[in-house]
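Just so it is clear, none of the values below were taken in a lab; they were calculated from the coordinates. All of these numbers come straight from a predicted model, not from anything done at the bench. Methodologically, a virtual Cβ is constructed for each residue, glycine included, from the backbone with ideal geometry; neighbour enumeration extends over all protein chains shown.
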Amino acid sequence: MTSQHMLTLIPVFIFGACVGSFLNVCIHRIPRKKSIVSPGSACPVCNKPIPFYANIPVFSYFALKGRCLFCRAPISKRYPLVEALTGIAGVLICLRFGLTPRAAVWFAFAATLLMISFIDLDFQIIPDVISIPGIVIFSLLAYFVLDMPMSAIGYGILTGGGILYVVALMYYLIRKQEGMGGGDIKLLAMIGAVTGVPGVLFTLFAGSVFGTIAGIGGMLLDPEKGGQMRIPFGPFLSAGAIMYVFYGDAVIRWYV
Ligand SMILES: [Zn+2]
């Protein structure tokens, strides 16, 4: 990549960080069933509206030394973290796919998965208001932008939703309690819409490996709580899906 191309990555990062700022709003408000449009951002402690110059993604957090402009209450590190992660996602996707319509779809996909992951971490739910429209929107993007055949999209959704539905059903029949949320089922269906059957299988495999490693880690760190801890599956499925976007081609080539 030439140095001139490298310069275009700066606006890409800034754009990504601004999207990340909006994701923070969604992560905080959607599970609380609040509007994501109005009112504008306010400090949760002193309730003062945050002016635009104190709401610049990543930058403002450091300029304000992590404290509210008015009441100096500490601001969660999560805000700049989500903004920076979204900006980095934009840069990595552009490096891999160029400034193309395809890259825009993968960025929207990554941003949606980031939002779902942080909501799942906080609330152990994946809201239907994200996953169900997500299935529809990503099906359309897969068909019109990624040139995926309608059948591949349909099989991806059915496989993604179907596998986890069967797993959840079996768990329920054996243990007589719900082990996997319906949210995970709809999330993997959404992932299937843009990655097809191979993407679903890869995501499920990679997500299970990541989840198991995290589970063992949790048990080693805190043997008493670790065994009982409910590990949200959403972030691990999301990480697996993103890995597939970047390395899926190579994995399939290696396998075939
Ligand atoms: Zn404040």
Cβ crowding within 10 Å averaged over residues, with 50-62, 105-117 ranked highest first
105-117, 50-62
For the range 1-99, size of Cβ-based charge dipole, Lys and Arg +1, Asp and Glu -1, in debye
480
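Using a simple charge model, +1 on the beta-carbon of Lys and Arg, -1 on the beta-carbon of Asp and Glu, nothing else, what dipole does the chain show about its Cα centre, in debye to the nearest 20?
On the way: 18 positive and 10 negative charges, 150 e Å.
Roughly 720 debye, rounded to the nearest 20.
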Using a cut-off of 27 Å between alpha-carbon atoms, which lysines can reach K34, once sequence neighbours fewer than 8 places away in the same chain are excluded?
K48, K77, K186
Ignoring solvent entirely, what values of log10 I(q)/I(0) come out of the Debye formula for the range 127-256 at 0.17 Å⁻¹ when each Cα is a single scatterer?
-0.91
Cα-derived Rg to Rh of the range 72-184, Kirkwood definition
1.05
Three principal axis extents, largest first, for the C-alpha atoms of the chain, in Å?
54, 52, 35
Taking the chain and dividing mean pair separation by its residue count, relative contact order in percent (alpha carbons under 8 Å, at least six apart):
17
Can you list residues whose amide H is under 5 Å from R67's amide H, if they're 5+ apart or on another chain and H is modeled 1.01 Å from N?
I75
The alpha-carbon pair-distance distribution computed for the range 1-99, with 5 angstrom bins and whole-percent values, is 3, 13, 20, 22, 17, 11, 7, 5, 2, 0
Whole-Å distance linking the alpha carbon centroid of the range 129-207 with that of the range 38-102 is 30
